[in-house]
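Contents: one structure, followed by commentary.
The values are calculated or read from the model by the stated rules, or taken from the named source; none is laboratory data. None of the values given here were measured: they were computed from a predicted structure. Using ideal geometry, Cβ is built from the backbone for each residue, glycine included, and neighbour counts are taken over all protein chains shown. Accessible surface is based on the protein model in full, side chains and every heavy atom, while ligands, DNA and RNA are left aside. Shrake-Rupley method; radii C 1.70, N 1.55, O 1.52, S 1.80 Å.
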Amino acid sequence: MRQNILIIEDDKNTKEGLKKILEAAKYDIAAFEKGEDALDYLKSNKVDIILSDMKMPGMSGIEVLKKSQEISPSTLMIILTAYGTVENAVEAMKLGAYDYLTKPLNLEKLSIVIQRALSYRKLKEDYESLKKEISQRYSFENIIGQSKKMKQVFETISQVAQTRATVLIHGESGTGKELIAKAIHQRSNRKDKNFIAVQCSTLSKGVIESELFGHEKGAFTGATESRQGRFELANGGTLFLDEISEIPPSVQVKLLRVLEERQFERVGGTKTIKVDTRIIAATNQDLEKLIKENKFREDLYWRLNVVKIEVPPLRERRDDIPLLVHSFIKESSKANKKKIKGISSKALMLLQNHDWRGNVRELKNAIESMVVLSNKEIIGVEEISSYVKKENEIDGTINIKGTMHLDEIEKIVINKALKKAGGNKSKAAEILGISRKTLHRKLS
Ligand SMILES: Nc1ncnc2c1ncn2[C@@H]1O[C@H](COP(=O)(O)OP(=O)(O)OP(=O)(O)O)[C@@H](O)[C@H]1O
Ligand SMILES: [Mg+2]
């Protein structure tokens, strides 16, 4: 794979000279005279190394450095500085520049510094991916989960990521559909190109078509300029159509054609535009039901449903809850500058037994509010919101009649626990506060 170098040099001759030399050395080069333009380029292109002049009219080399680190932290910057202004270069090194070269440039030195920077970058990448691998034992991209159901989801993501297959993600609100879409993009060879998300429900009927497909100047009142739509912006990358059921029928037809032919015209335009955009759609609706009600096109459904990912609600994968809780406590404790270390096992059990109708999002918000409100190191039962506790209580009531044998009561309690644990005996034993062995004995 060719390496990409971005040159920023206000002196046109130096800029062109550098460009020629490095192109001859088989690097892909983009060159700009202004920092602002170079940063714009960096926003949507993969760049391995930036070679930047220090003193320029407009943005200085230092400013470019700071901004470039925000835009693309893994890109390395080599500073070019005039002899005698080395102090500035040293300051840049402190801020994270990889190296500096003094002008007039020694070409041999330039080539060595570039090669060394590239191998440093590779080493860093390898190390990062190793670190990621370790932390990924219980998470996949940013998706936390170790339940069997989530492992299946991870498996599907791995299988489809590298293909261009359209993916339909179905699941209740807050189950992590958007995270999954991002993970697919991140694991694909499109990851250096745009991931564009469109919330179909927030766009009004009138604008959705031009948002998706763009428009030509004069296409409608107010269209003073022609504009690219999201399909074009996501060219080479991934377009995430969230809440796909909200797309109006007229736009569904156009969408169908893009899925079939990968081409379309802008609103008010006649030129056919071809794109290589991968599409991932998500919904919490039952699309098959909407088809029966004539609210969603069946042909579009089948085009979207090439690979389907069913995201299970949190209450069907309760064994993910402890991991999620720990990770959210860590995250929000850090974000809110709190020193909370964990949660008591009783409190965790209450959270694990709750049904979380809002799924992971609701759990995450609940943890955040507990972390913010708590002054202790360990979150206890007192911090758990009352309605979570209530649900546990209601579920825990049993009717004991005076004539009942202790054995009978035990049977009811055990059955309740088993039900709550979704048939998982270890978990039921945990809920009852007895060992798995004891539970087995009682069951037999
Ligand atoms: N498995 C998970 N691990 C870590 N965080 C998660 C997980 N699932 C969801 N989240 C978090 O929960 C929140 C909701 O996730 P996301 O927006 O992906 O859900 P969604 O299915 O798209 O919801 P909606 O249908 O309401 O749009 C986000 O903050 C996300 O980071
Ligand atoms: Mg969403």
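Regarding Glu393, is this residue under 30 Å from Ser333 (Cα atoms) and either at pLDDT below 90 or not in a helix (DSSP H, G or I) (or both)? It would help to see each step written out before you state the result.
Working: under 30 Å from Ser333 (Cα atoms): yes; either at pLDDT below 90 or not in a helix (DSSP H, G or I) (or both): yes.
Considered against the rule, which asks whether it is under 30 Å from Ser333 (Cα atoms) and either at pLDDT below 90 or not in a helix (DSSP H, G or I) (or both), Glu393 comes out as yes.
I'd like the full set of residues that are in contact with a Gly (Cβ under 9 Å, 6 or more places away or on another chain) and buried (at least 17 other Cβ atoms within 10 Å of the Cβ), limited to the range 34-64. Full working, then the answer.
Residues of the range 34-64 in contact with a Gly (Cβ under 9 Å, 6 or more places away or on another chain): 34-36, 52-56, 58-61, 63-64.
Matches in the range 34-64: Gly35, Ser52, Asp53, Met54, Met56, Met59, Ser60, Gly61, Val64.
Which pairs have Cβ atoms under 9 Å, sit 6 or more apart or on different chains, and link a residue in the range 229-244 that is without any contact (Cβ under 8 Å) to a residue 40 or more places away in the chain and open to solvent by 10 Å² or more (accessible area, probe 1.4 Å) to one that is among the polar types (S, T, N, Q) and within 11 Å of ligand 2 (Cβ to nearest atom)?
none
Could you check, for the range 147-168, whether at least one of its residues is at pLDDT 95 or above, part of a loop (DSSP other than H, G, I, E, B) and more than 16 Å from ligand 2 (Cβ to nearest atom)?
Yes, there is a match, as at least one residue in the range 147-168 is at pLDDT 95 or above, part of a loop (DSSP other than H, G, I, E, B) and more than 16 Å from ligand 2 (Cβ to nearest atom).
For residues in the range 415-429 being at pLDDT below 85 and assigned to a helix (DSSP H, G or I), which is farthest from Asp355 (Cα to Cα)? I'd like the intermediate steps shown before the answer.
Taking the range 415-429 and keeping what is at pLDDT below 85, we get 415-423.
Remaining after also requiring assigned to a helix (DSSP H, G or I): 415-420.
Details: Asn415: 18, Lys416: 15, Ala417: 15, Leu418: 15, Lys419: 13, Lys420: 10 Å.
Applying the filter and picking the extreme gives Asn415.
Can you say whether Leu350 is more than 12 Å from ligand 1 (Cβ to nearest atom) and open to solvent by less than 20 Å² (accessible area, probe 1.4 Å), as far as the supplied structure shows?
On the way: more than 12 Å from ligand 1 (Cβ to nearest atom): yes; open to solvent by less than 20 Å² (accessible area, probe 1.4 Å): no.
Judged against the criteria, Leu350 is not a match.
Okay, residues lined up against (1) crowded, with 18+ Cβ neighbours inside 10 Å; (2) more than 18 Å from Glu178 (Cα to Cα):
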residue	(1), (2)
Gln285	no, no
Lys295	no, yes
Glu316	no, yes
Lys334	no, yes
Ile343	yes, yes
Ser369	no, yes
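Here is a check on your reading of the model: is Ser173 modelled with pLDDT of 95 or more, in a loop (DSSP other than H, G, I, E, B) and at negative phi? Reasoning before the result, please.
Numbers: modelled with pLDDT of 95 or more: yes; in a loop (DSSP other than H, G, I, E, B): yes; at negative phi: yes.
Taking the combined requirement at face value, the residue satisfies it.
Conditions (1) within 16 Å of ligand 2 (Cβ to nearest atom); (2) more than 19 Å from the chain's Cα centre (by Cα); (3) at pLDDT 95 or above, marked per residue:
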{"site": "Arg278", "(1), (2), (3)": "no, no, yes"}
{"site": "Glu310", "(1), (2), (3)": "yes, no, yes"}
{"site": "Ser344", "(1), (2), (3)": "no, yes, no"}
{"site": "Ser374", "(1), (2), (3)": "no, yes, no"}
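Give me a count of the residues in the range 1-56 that are within 14 Å of Leu80 (Cα to Cα) and among the polar types (S, T, N, Q).
The total comes to 2.
Do the conditions hold for Ile29, that is, is it touching a strand residue (DSSP E or B) at 6+ places or on another chain (Cβ under 8 Å), outside any loop (DSSP other than H, G, I, E, B), surrounded by 15 or more Cβ atoms within 10 Å (Cβ to Cβ) and not assigned by TED's automatic domain parsing to the domain that holds Asn189?
On the way: touching a strand residue (DSSP E or B) at 6+ places or on another chain (Cβ under 8 Å): yes; outside any loop (DSSP other than H, G, I, E, B): yes; surrounded by 15 or more Cβ atoms within 10 Å (Cβ to Cβ): yes; not assigned by TED's automatic domain parsing to the domain that holds Asn189: yes.
Yes.
Got a sec? Which of Ile280, Ile273, Ile291 is in the same structural domain as Ile180 (by TED's automatic domain parsing), closer than 17 Å to Gln162 by Cα and touching a Phe, Trp or Tyr at 6+ places or on another chain (Cβ under 8 Å)?
Numbers: Ile273 fails: closer than 17 Å to Gln162 by Cα; Ile291 fails: closer than 17 Å to Gln162 by Cα.
Among Ile280, Ile273, Ile291, only Ile280 is in the same structural domain as Ile180 (by TED's automatic domain parsing), closer than 17 Å to Gln162 by Cα and touching a Phe, Trp or Tyr at 6+ places or on another chain (Cβ under 8 Å).
Would you check if there is a residue in the range 146-165 being open to solvent by 60 Å² or more (accessible area, probe 1.4 Å) and within 9 Å of ligand 1 (Cβ to nearest atom)?
No, the range 146-165 has no match at all.
Considering only residues that are touching a residue at least 12 places away in the same chain (Cβ under 8 Å), open to solvent by 10 Å² or more (accessible area, probe 1.4 Å) and in a helix (DSSP H, G or I), look in the range 297-314 and name the one that is farthest from ligand 1 (Cβ to nearest atom).
In the first step, residues of the range 297-314 are kept if they are touching a residue at least 12 places away in the same chain (Cβ under 8 Å); the result is 297, 299-301, 303-314.
Among the residues that remain, those that are also open to solvent by 10 Å² or more (accessible area, probe 1.4 Å) are: 297, 299, 303, 305-308, 310, 312-313.
Among the residues that remain, those that are also in a helix (DSSP H, G or I) are: 299, 303.
Numbers: Asp299: 24, Arg303: 21 Å.
Among those residues, the one meeting the criterion is Asp299.
Under the condition of being basic (Lys, Arg) and open to solvent by 50 Å² or more (accessible area, probe 1.4 Å), which residue from the range 171-219 is farthest from ligand 1 (Cβ to nearest atom)? Full working, then the answer.
Looking only at the range 171-219, we keep the residues that are basic (Lys, Arg), and these are 177, 182, 187, 190-191, 193, 205, 217.
Cutting the leftovers down to open to solvent by 50 Å² or more (accessible area, probe 1.4 Å) gives us 182, 187, 191, 193, 205, 217.
Working: Lys182: 8, Arg187: 15, Lys191: 18, Lys193: 21, Lys205: 20, Lys217: 34 Å.
For the range 171-219, the residue satisfying everything is Lys217.
How many residues are over 18 Å from Ser68 (Cα atoms) and open to solvent by 80 Å² or more (accessible area, probe 1.4 Å) when one looks only at the range 80-119?
Here the count works out to 10.
Can you tell me which residue among Val47, Val64 is in a loop (DSSP other than H, G, I, E, B) and either of a type outside the set (Phe, Trp, Tyr) or not assigned by TED's automatic domain parsing to the domain that holds Phe195 (or both)? Show your work before the answer.
On the way: Val64 fails: in a loop (DSSP other than H, G, I, E, B).
Just one listed residue meets the conditions, Val47.
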